[in-house]
Amino acid sequence: MSPSDSYHGRPVLKQPVWTWEIPCYFYAGGLAGASAGLAYLSESRGNEVLARRAWSAAMLGIGVSPALLTSDLGRPFRFLNMLRMFKVTSPMSVGSWILTASGATTALATASVWTGWFPRAGRAARPAAAALGLPLSTYTAALVANTAVPVWHDSHRLLPFVFASGAALSAGSAGVIAAPPNHAAPARRLALVSAALEVAVKELMERRLAEQGEPYRHGAAARFGRIGQACIAAGATLLATRGGRSRGAAIGAGALLSAGALSARWSVFKAGFGSAANPAYVVRPQRAGIEAGEARGAARRQSRVLNPDPARGSPATAPVELFAS
Amino acid sequence: MKLDTHVWPGSYGELAKPRMGFFTDTSVCIGCKACEVACKEWNQIPMSLHGFTGNSYDNTIALDADTWRHVAFIEQRVPADATGGASLVEAAARGEAIDGGVATYQQGDGFRWLMASDVCKHCTDAACLDACPTGALFRTEFGTVVVQQDVCNGCGYCVPACPFGVIDQREDDGRVWKCTLCYDRLKDDMEPACATACPTNSIQFGELDALRARAEHRLAQLQRAGQDTAQLYLADADDGIGGGGAFFLLLDEPEVYGLPPDPVDTRRDLASIWAAAGAAAVALGAGLAAAVFGGSR
């Protein structure tokens, strides 16, 4: 970009301060959310074996999530401040409440399924955990989309669907790993379909972003994207060909698909950093919008006064109007 | 001129004070950095040594957790001086303007040195405030945006939410920091430190509606004096952030100063963001059901 389009080439935006815990949480939260749904539905279909394993996967995901999020905080001991208020304008606030409710119901459901204790509470908790798992899987996309980072914000219509497919892929592949093949048919179907969707929807999102999608084509985001695609392709092939017969193949395929889902979350995470670091991604589309007449911009050259009063316009006579009223 | 924010003055009732702000007239900035120093001193901000940048006289680089006023320096080649290329009549008009004290200090000899003191914009529609999950960021009775340091847990959500890249996390501290518009001084009927220190009144502090009215006169004066590219930045309620509590008179396009030309509060898209997330959640539920019931057990 030319020097006049930026200030000494410096970024306009600050890069996010989030660290490795956040993309891992995107994965863990999606795993937990979709696994709870898979568990509840499998149970109602009468597949108790898959249901129990999926509840465990959900418990694992939701168990590590608070630890990951707390560890990322600048002041970890103030993690409870997340529940200090409920703000719809803050997807992080809404998400904290979803995670809390989801964690409580999933823990209760899993405990009652495995131990048989609290049968009535467990029965109530299971559908609640399954339902809460759905927004738990997608609110994280709303969270990153609700920022000024162009590559995240501009994909706000498709990003939640990328995260939803990723969550389904995570739950499906966990189910394939955890349950024996003769009980894992629903998990295999889920994993295979969501694998195709994850790759397709993410690709569509990157194309729709056009020039703004460049961070997905360079650097860390591109590397994670390619690793993810390769893992997903290999895992899906293995699962489709041998996953129904061999437990070993199913575990291998599930591990590859899980790695692919995690890598795709990392790709989205890293793209935000590339997007925020380059002033061109911020300035170019904004300037283009102004020139196309779609936006008025934040600057104005025409004064609203026709006859300027030198006394009022001069900095030399600027009064300090301290609470005159 | 609309000044109201989502919660100010409404939520304060009788306790609401006039909305206070900054008008930074960059045409008279001399780049002395007294604002940076005064801000650091008053607010007891840790030092921020970035070394020698080579970016003109700017070694503070940008607003961040430890820099709440930042003076930008831009060196530009321009066509000759005030009289160069101008007709006699135009030159006479400019000369008159210079004699009248409205010329900028920044131009001459075919060279233009733009200087501008940047600060938190205290947006009418503040993305950082809306994103904050703990309520640490709040709207004061003066209509400004301030971080409550005893509440902030360093989640970092406000950092990428800000369309100007103002607020940032202090690494060793963990919390986020930015200009408070000297909330403590305002409480004691005092002017913010930077405006007090500014020797040229480039930083003007006062009631926002009065400042906006003044700025219109200054803009008209500069335009008359031949400063065609002089412009008011964030002075209107119908821009992407509902206007700034701190606004600026610039002599070139905003991006030249490192400011976004059309910043937009992300909350404007929040409804469609939530709608997409909701639709994706429903689709996930349908997908799970299809996978479980759409074949053998």
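Only the coordinates and a few stated rules stand behind these numbers; no lab work does. A quick note: this is a predicted structure, and the numbers were derived from the prediction, not measured. As a convention, Cβ positions derive from the backbone with ideal geometry for all residues, glycine included, and neighbour counts pool all protein chains shown.
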Quiz item: Looking at the range A:113-131, is at least one residue more than 22 Å from A:GLY274 (Cβ to Cβ), touching a helix residue (DSSP H, G or I) at 6+ places or on another chain (Cβ under 6 Å) and of a type in the set (S, T, N, Q)?
Solution: no
Quiz prompt | the range A:98-107 - residue that is touching a Leu at 6+ places or on another chain (Cβ under 7 Å) and surrounded by 17 or more Cβ atoms within 10 Å (Cβ to Cβ) and, of those, farthest from the other protein chains (Cβ to nearest Cβ) | solution = A:THR105
Practice problem: Could you list all residues from the range A:125-155 that are of a type in the set (A, V, I, L, M, F, W, C), surrounded by fewer than 24 Cβ atoms within 10 Å (Cβ to Cβ) and part of a loop (DSSP other than H, G, I, E, B)? | Solution: none
Exercise. Could you please find all residues in the range B:1-30 being within 17 Å of B:TYR257 (Cα to Cα), part of a strand (DSSP E or B) and either away from every other protein chain (no Cβ under 14 Å) or not hydrophobic (A, V, I, L, M, F, W, C) (or both)?
Key: B:THR24, B:ASP25
Quiz prompt | Filter result (touching a strand residue (DSSP E or B) at 6+ places or on another chain (Cβ under 7 Å) and assigned to a loop (DSSP other than H, G, I, E, B)) within the range B:51-65 | solution = B:SER56, B:TYR57, B:THR60, B:ALA62, B:LEU63, B:ALA65
Quiz item: Counting residues that are touching an Asp or Glu at 6+ places or on another chain (Cβ under 6 Å) and either surrounded by fewer than 15 Cβ atoms within 10 Å (Cβ to Cβ) or facing chain B (nearest Cβ under 9 Å) (or both), which helices (runs of 4 or more DSSP H) fully inside the range A:235-325 reach at least 1?
Solution: A:279-291
Self-check item: Residues of the range B:106-163 classified as in contact with a Cys (Cβ under 8 Å, 6 or more places away or on another chain) and of a type in the set (Ser, Thr, Tyr), total
Solution: 3
Practice problem: For the range A:263-289, name all the residues that are of a type in the set (A, V, I, L, M, F, W, C) and either closer than 20 Å to A:ALA28 by Cα or touching a residue at least 40 places away in the same chain (Cβ under 8 Å) (or both). | Solution: A:ALA264, A:TRP266, A:VAL268, A:PHE269, A:ALA271, A:PHE273, A:ALA276, A:ALA277, A:ALA280, A:VAL282, A:VAL283
Self-check item: Matching entry among A:THR115, A:THR110 (being in contact (Cβ under 8 Å) with a residue 24 or more places away in the chain and either more than 23 Å from the chain's Cα centre (by Cα) or crowded, with 22+ Cβ neighbours inside 10 Å (or both))
Solution: A:THR110
Quiz prompt | Scope the range A:84-107; condition over 22 Å from the mean Cα position of the chain (by Cα) and either under 16 Å from A:ALA141 (Cβ atoms) or in a helix (DSSP H, G or I) (or both); matching residues | solution = A:ALA107
Quiz item: So how many residues does the range A:156-173 have that are touching a residue at least 24 places away in the same chain (Cβ under 8 Å) and outside any helix (DSSP H, G or I)?
Solution: 1
Quiz item: From A:GLY30, A:GLY9, which residue is more than 22 Å from the chain's Cα centre (by Cα) and either on the phi > 0 side of the Ramachandran plot or not aliphatic (A, V, I, L, M) (or both)?
Solution: A:GLY9
Exercise. Restricting attention to strands (runs of 3 or more DSSP E) lying wholly within the range B:147-265, give those where 2 or more residues are more than 7 Å from every other protein chain (Cβ to nearest Cβ) and within 15 Å of the chain's Cα centre (by Cα).
Key: B:246-250
Self-check item: Members of the range A:22-81 found to be aliphatic (A, V, I, L, M) and over 20 Å from A:ILE98 (Cβ atoms), listed by number
Solution: A:VAL49, A:LEU50, A:ALA51
Quiz item: What number of residues within the range B:31-50 are in contact (Cβ under 8 Å) with a residue 40 or more places away in the chain, outside any helix (DSSP H, G or I) and surrounded by fewer than 16 Cβ atoms within 10 Å (Cβ to Cβ)?
Solution: 1
Self-check item: Those residues of the range A:174-202 which are assigned to a helix (DSSP H, G or I) and surrounded by 24 or more Cβ atoms within 10 Å (Cβ to Cβ), in sequence order
Solution: A:ALA174, A:GLY175, A:VAL176, A:PRO186, A:ALA187, A:ARG188, A:LEU190, A:ALA191, A:SER194, A:ALA195, A:GLU198, A:LYS202
Quiz item: Out of (1) surrounded by fewer than 24 Cβ atoms within 10 Å (Cβ to Cβ); (2) over 29 Å from A:GLY272 (Cα atoms), the odd one out for B:VAL151 is which?
Solution: (2)
Self-check item: Residue in the range A:3-11 that is closer than 29 Å to B:GLY258 by Cα, among the acidic types (Asp, Glu) and surrounded by fewer than 24 Cβ atoms within 10 Å (Cβ to Cβ) present
Solution: yes
Self-check item: Failed item in (1) farther than 30 Å from B:LEU234 by Cα; (2) in contact with a helix residue (DSSP H, G or I) (Cβ under 8 Å, 6 or more places away or on another chain), with A:ARG301 passing the rest
Solution: (1)
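Do we find that A:ALA288 is aliphatic (A, V, I, L, M) and farther than 20 Å from A:ALA167 by Cβ in this structure?
Spelling it out, A:ALA288 is indeed aliphatic (A, V, I, L, M) and farther than 20 Å from A:ALA167 by Cβ.
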